[in-house]
Every structure is written in C-alpha cells, then in structure tokens.
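Report on the structure given below.
Readers should treat all values here as calculations from the given coordinates under stated rules, not as data from a laboratory. Nothing here was measured: the structure is a model prediction, and the numbers come from that model. As a convention, Cβ positions derive from the backbone with ideal geometry for all residues, glycine included, and neighbour counts pool all protein chains shown.
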Amino acid sequence: MRAEIRAEITTISTLDDIEQQHIASAIAWIDSGVQLCRIAKPATPPIHLVAYFVVVDDGHLLLVDHKNAQLWLPTGGHVDPGEHPRTTVARELAEELGIVASHGIAAPLMLTCTTTVGLTAGHTDVSLWYVIQGSRSQTLTFDDSEFNSVRWFAFDALPVDRTDPHLQRFVQKLAAASPFDLVKEEASAG
C-alpha cells in the first residue's frame, strides 16, 4: 500500500512552493518506512495520513463545524492501515454525510502537511485533498457526534479566520482545475 500512496501523491501538480515543499516532505516521510496511518487515537504515530474530501457544487463547498478541531473544515478522515485513501473517501462519505459519490473518485487535487489545532492539537496530518461533486439540494445526514453542523459556503464567503490554513489555496487550485480531471476515475484506484 505504501507504493500506492506514494503514487497517489506523485499525480499531484503543485500550486506553489508551499505545496512543492509539502509533497517533498510527504514523499520523504513515506520513503522512510515509518507507520503512515494512525493506529491509536488521538495521535499515534504523531504524523499520519488523512483523506480530505471537499464536496463542491457550483462555486460552493461544504464545510463541517468540527467539534474537536473547533474549525470549519472539509469532511475527511484518517486512512486506516492497509486502506487506499480513495477507499477512505468512500467510507467516510457514508459515515460522515450519509452519501455515496455520484462519480468515480479521481486523484487528489492537493496535498498539505498541517499541525493540528483544537482539543487534540499538536500532531501532523498529511492530508490528500479529493474533490467530490455534490448538490446543495442533496439531503445530508451528518455525524452529530463529530460535527456541530454542516453548511455550504460560497468560494468568496469562506470562514477564513476559522478554517484549515490551506483552504483558500485549495479553492484557488480548484478554480483553475479542469472539471473533467476533478471527477474522472483513475484506472489504478483501489
């Protein structure tokens, strides 16, 4: 699975120097042979793999008011040992929002390495950012043990003072991406 995760990362075209640095760090981390997935809550090992999936619809994206992080975040989850990150996306979509993707899950659009904040602050999430096409009229059943609420935000009305520090960069990259590339399923998806 390590080689598949590495391959998933190398598909990403970088937005800027920050993302180049994050990808280089992530590849070095993968190549080091350390455990990549969280095996004990909240932070063992202290660096672990996360799959964000940003649900988008016509200039809007869905964010969750995350109880632990105390931020408005894209939905996502920790990649389980032996699990492909795209499988994590499909599993977490059902668990967190009660939905199934209407399309194949394409390669991630972005990668970030972020020190967490909130109630279990201080560990590092290596996050693959996937795009899921959704609908603002779609009924969502969110996990109220994990989230206070869910809400659609217009790209120009994001809660930038209370969100992931890389969300604006993600939206910039998303706006420049080809719609076809965001929803096509790669033949190598696991």
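Arranged by the count of other C-beta atoms within 10 angstrom, fewest first, what order do Thr75, Thr139 take? All intermediate terms of the calculation are to be shown ahead of the outcome.
On the way: Thr75 27, Thr139 8.
Sorted ascending by nearby Cβ count, the order is Thr139, Thr75.
Quick check on the chain: helices-only [θ] at 222 nm, where DSSP H runs of length 4 and up contribute -39,500 (n - 2.57) each and the sum goes over total residues. Nearest 500, please. Don't skip to the end; give the middle numbers.
Numbers: 5 runs with 47 residues, N = 190.
So the helix-based figure for the chain works out to -7000 deg cm²/dmol.
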Review point. Which listed residue (Ala106, Thr44, Trp72) has the Cα farthest towards the positive end of the charge dipole for segment 5-123, taking +1 on Lys and Arg C-beta and -1 on Asp and Glu C-beta about the Cα centre?
Key: Thr44
Check your understanding: Karplus couplings for segment 98-110 from phi (6.51 cos²θ - 1.76 cosθ + 1.60, θ = phi - 60°), rounded to Hz, Gly and Pro as x?
Key -> x, 10, 10, 4, 8, 8, x, 8, 7, 4, x, 7, 8
Practice item. For Thr75, list long-range residues whose amide hydrogen, built 1.01 Å from N in the peptide plane, is under 5 Å from its own amide hydrogen. Key: Phe53, Val55, Val64
Study note, to complete from the structure: A correct Kirkwood calculation over the Cα atoms of the chain returns a hydrodynamic radius in Å of 16.6
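Would you mind ranking Asp164, Asp17 so that the residue whose beta carbon has the fewest other beta carbons within 10 Å leads the list?
On the way: Asp164 25, Asp17 8.
Ranking Asp164, Asp17 by Cβ neighbours within 10 Å, fewest first, gives Asp17, Asp164.
For His66, what is the net charge nearby, where nearby means another residue's Cβ is under 11 Å from its Cβ and Lys, Arg count +1, Asp, Glu -1?
On the way: positive: Lys67, Arg162; negative: Asp65, Glu96, Asp143, Glu146, Asp164.
Summing Lys/Arg as +1 and Asp/Glu as -1 gives -3.
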Revision key, fill the gap. Whole-Hz Karplus couplings 3J(HN,Hα) for segment 119-134, θ = phi - 60° and coefficients 6.51, -1.76, 1.60, Gly and Pro as x, run 5, 10, 5, x, 9, 10, 9, 8, 10, 8, 9, 9, 10, 10, 6, x
Review point. Picking from His84, His103, His48, which is most flexible by a Gaussian network model of the chain using Cα springs under 10 Å?
Key: His103
Check your understanding: For the pair Arg2 and Asp58, how long in nm is the line joining their label points, each one 7 Å along Cα→Cβ?
Key -> 4.7
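Can you tell me the dipole magnitude for the chain around its Cα centre, using point charges on the Cβ only (Lys, Arg +1; Asp, Glu -1), in Debye to the nearest 20? Don't jump to the answer; show the numbers that get you there.
On the way: 13 positive and 24 negative charges, 35 e Å.
Dipole magnitude for the chain comes out near 160 debye.
Taking the beta-carbon count within 10 Å as an exposure proxy, list Asp57, Asp16 from fewest neighbours to most.
Numbers: Asp57 15, Asp16 11.
Fewest-to-most Cβ neighbours within 10 Å comes out as Asp16, Asp57.
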Review point. Mind listing the phi-derived Karplus ³J(HN,Hα) values for segment 3-10, rounded to whole Hz, using 6.51, -1.76 and 1.60 with θ = phi - 60°, and x for any glycine or proline?
Key: 5, 5, 5, 4, 5, 4, 5, 6
Practice item. If a/c stays under 1.5 just call it rounded; otherwise compare a/b with b/c (prolate if a/b is bigger, oblate if not). Do that for segment 1-79, with a ≥ b ≥ c from the square roots of the Cα gyration tensor eigenvalues. Key: oblate
